[in-house]
Every structure is written in C-alpha cells, then in structure tokens.
Amino acid sequence: MGGGLAFLSKKQFNPSNHANQKAVWEARQRKFAEERRLAERADELKREREDEELSKSIGAPVGNGKGLKFMYGPPPGLPRAETQMDTIEGGGSNRRYDAA
C-alpha cells in the first residue's frame with residue numbers, strides 16, 4: 001500500500017524532477033551566455049581605449065573624425081538650396097535669379 005515518500009518526486013520543488021532539472025539547465029545556460037557577452041564587451045572596451053590612447057599619442061583625431069559636424073549641416077535627403085551664384089556659374093539660357 002504505502003510507497004513511503006515516492007509522491008515527493010512528483011512535486012514541483014523536487015530537484016530530481018525532470019522539469020526542474022531542465023529549468024536549472026536553462027538558467028545556467030543564460031547565465032553563461034550573459035557572462036560571455038559581458039566579457040566580450042569588456043574586451044571591446046579595452047581595445048577601444050587602447051586605440052584612443054594610441055591615436056592621442058600620435059596626435060590623430062579620436063574617433064572617425066566626423067564629431068558633431070552632422071549637427072551643423074543640412075539634414076540628409078534635403079535638396080541643396082540653389083543660390084544666385086550657382087545659377088550664374090551654370091551659364092547658358094537656364095539662368096535663374098532669386099526674386100528676393
């Protein structure tokens with residue numbers, strides 16, 4: 001009749017339950033992936049710092065050299081405004097003058 005404590009293996013908190021083992025394995029895999037991602041990011045930051053130090057010691061501009069130039073120019077896709085000088089230099093019968 002009895003069976004003793006066999007019912008415990010079916011409980012959700014039992015570590016020998018297959019679903020619990022699977023959940024623990026998945027949690028460990030997520031943890032290892034996160035640690036690997038953090039280590040790769042730390043290596044990338046270290047390389048970037050070394051590159052910046054090297055470029056500072058050489059005297060080269062840091063980064064790609066663009067800086068904040070994008071803030072002072074027209075937005076991409078906006079057609080360039082045609083000035084009076086552009087139309088005069090173009091020559092020919094297509095001369096346009098600003099009526100301002």
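The values are calculated or read from the model by the stated rules, or taken from the named source; none is laboratory data. Quick caveat: nothing in here was measured; it's all calculated off a predicted structure. All Cβ positions, glycine included, derive from the backbone under ideal geometry; neighbour counts span all protein chains shown.
Take Gln29 and tell me if it is at pLDDT 75 or above, among the polar types (S, T, N, Q) and part of a helix (DSSP H, G or I).
Details: at pLDDT 75 or above: yes; among the polar types (S, T, N, Q): yes; part of a helix (DSSP H, G or I): yes.
Against the criterion (at pLDDT 75 or above, among the polar types (S, T, N, Q) and part of a helix (DSSP H, G or I)), Gln29 qualifies.
Residue pairs, Cβ under 9 Å, 6 or more apart or interchain, first in region 22-33 and under 15 Å from Gln12 (Cβ atoms), second exposed (fewer than 10 other Cβ atoms within 10 Å of the Cβ). List them.
Val24/Pro15
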